[in-house]
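Colleague: To start, I am sharing the structure in question, which I have written as structure tokens.
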Amino acid sequence: MDPSETSRPIGVFDSGFGGLSVARSLIDLLPREDLVYVGDTGRYPYGPRPPDQVRSFALEIADYLVSKVGCKLLVVACNTAASVALTEIADRFPVPVVGVLAPGMRAAAQATRNGRVGIIGTVGTISSGAYQELAAKTAPEVEVTCAACPGFVEFVERGETDSDQVHVLAERLLAPLREAEVDTLLLGCTHYPFLARTIGDVMGREVVLVSSADETAFDTRSLIEREGLGRSGSVPARHRWLSSGDVGWFAEMGRRLLGPELLTAERVELGS
């Protein structure tokens, strides 16, 4: 593989901050790789939006990362976008594409002991039926209970990850999953790992929480190794953080969620 090809960055995008959980895993697992992250905070959240609109947003960002930034690989770090646009992104752009749905579902199916898996996500993700279809194809022996959790994303993006209000909301939204006696809960939105403590408190210690972030990073590493896309050389990796909204707020909130790698953010102009 031409070094000029392998030295190109990995492109990662999400509606806002949730994909930073994926970015964190990628940085830890692939410390030599450059990364460019787009958080579409000017148009978040995606969950309540119509599927066609989310698809349009996702294709626009993918095009920006491939055509303008020159990314060698795309990670769709947004469950809502992946549920409606992953196939079209993979078909349209000449780079490998990794989504967050399949890695998470696979890990949840492997983790369950009683065969009952719960899946939580945004209204858009759950109503798309993507996880239900994926479970039927890849883990038909697993009994799946899904629940939409409107409001979770907004709490994360306000920085309220352990407030009394979010705990009360979690008690209400997660009740059907507790009644279904699931022993494994897939956090089907990349924002939800930031609520893991609250979700874990509500579900109980015996329920295993599965985040797709680490599994997505493992899939990305495997793809890079298989395709010979690994970055060579000794130059330190560079990470860029782009926001379609308020970059100051994005940098402040993102630094709290991701860590010191997110020092500053840049503005990216996307359609309204």
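The values are calculated or read from the model by the stated rules, or taken from the named source; none is laboratory data. Keep in mind that what you see is a predicted model, and the values were worked out from it rather than measured. Counting neighbours? That spans all protein chains shown, and the Cβs are built from the backbone with ideal geometry, glycine included.
Yes/no matrix, rows are residues, columns are (1) in contact with a Phe, Trp or Tyr (Cβ under 6 Å, 6 or more places away or on another chain); (2) at pLDDT below 95; (3) within 30 Å of Leu229 (Cα to Cα):
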| residue | (1), (2), (3) |
| --- | --- |
| Gly104 | no, yes, yes |
| Ala147 | no, no, no |
| Thr161 | yes, yes, no |
| Ala170 | no, no, no |
| Asp183 | no, no, no |
| Phe194 | no, yes, no |
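Colleague: Out of contact with any Asp or Glu (no Cβ under 9 Å at 6 or more places or on another chain) and either under 20 Å from Gly121 (Cα atoms) or modelled with pLDDT of 95 or more (or both): which single residue out of Pro48, Pro3 fits that description? Don't jump to the end; show me each part of the working.
Modeller: Values: Pro3 fails: either under 20 Å from Gly121 (Cα atoms) or modelled with pLDDT of 95 or more (or both).
Every option except Pro48 fails the conditions.
Colleague: Moving to a separate point now. Determine which member of the set Pro150, Pro96, Pro140 is surrounded by fewer than 18 Cβ atoms within 10 Å (Cβ to Cβ), closer than 14 Å to Cys189 by Cβ and not basic (Lys, Arg).
Modeller: Details: Pro96 fails: closer than 14 Å to Cys189 by Cβ; Pro140 fails: closer than 14 Å to Cys189 by Cβ.
Answer to the check: Pro150.
Colleague: Let me ask something else about it. Name, by its number, the condition in (1) part of a loop (DSSP other than H, G, I, E, B); (2) crowded, with 24+ Cβ neighbours inside 10 Å that does not hold for Leu26.
Modeller: Going through the list (1) part of a loop (DSSP other than H, G, I, E, B); (2) crowded, with 24+ Cβ neighbours inside 10 Å, Leu26 breaks only (1).
Colleague: Okay, next question. Does Val166 satisfy being at pLDDT 95 or above and touching a strand residue (DSSP E or B) at 6+ places or on another chain (Cβ under 6 Å)?
Modeller: no
Colleague: Follow-up. Looking at the stretch 72-83, I want the residues that are under 15 Å from Arg24 (Cα atoms) and of a type outside the set (Gly, Ala, Ser) and have a partner that is part of a loop (DSSP other than H, G, I, E, B) and at pLDDT below 95 with Cβ atoms under 7 Å, at least 6 apart or on another chain. Which pairs are those?
Modeller: Taking only residues 6 or more apart or on different chains, the pairs are Val76/Val100; Cys78/Ser15; Cys78/Gly18; Cys78/Gly19; Cys78/Tyr46; Cys78/Thr190.
Colleague: Here's another thing I want to ask about it. Looking only at residues in the stretch 238-263 that are assigned to a loop (DSSP other than H, G, I, E, B) and touching a strand residue (DSSP E or B) at 6+ places or on another chain (Cβ under 7 Å), which one is surrounded by the fewest Cβ atoms within 10 Å (Cβ to Cβ)?
Modeller: Keep residues of the stretch 238-263 that are assigned to a loop (DSSP other than H, G, I, E, B), which gives 238, 244-246, 259-263.
Now drop any that are not touching a strand residue (DSSP E or B) at 6+ places or on another chain (Cβ under 7 Å), which leaves 261-262.
Numbers: Glu261: 16, Leu262: 22.
Here the answer is Glu261.
Colleague: Further question on the same structure: Of the conditions (1) surrounded by fewer than 19 Cβ atoms within 10 Å (Cβ to Cβ); (2) assigned to a loop (DSSP other than H, G, I, E, B); (3) not charged (D, E, K, R), Phe17 satisfies every one except a single condition; which number is it?
Modeller: (1)
Colleague: Report yes if Glu60 is at pLDDT 95 or above, among the acidic types (Asp, Glu) and within 24 Å of Leu186 (Cβ to Cβ), otherwise no.
Modeller: No; evaluated as a whole, the condition is false for this residue.
Colleague: Right, here's the next one. Need the failing condition index for Gln53 against (1) surrounded by fewer than 16 Cβ atoms within 10 Å (Cβ to Cβ); (2) touching a residue at least 24 places away in the same chain (Cβ under 8 Å), just the number.
Modeller: Evaluating Gln53 over (1) surrounded by fewer than 16 Cβ atoms within 10 Å (Cβ to Cβ); (2) touching a residue at least 24 places away in the same chain (Cβ under 8 Å) leaves (2) as the failure.
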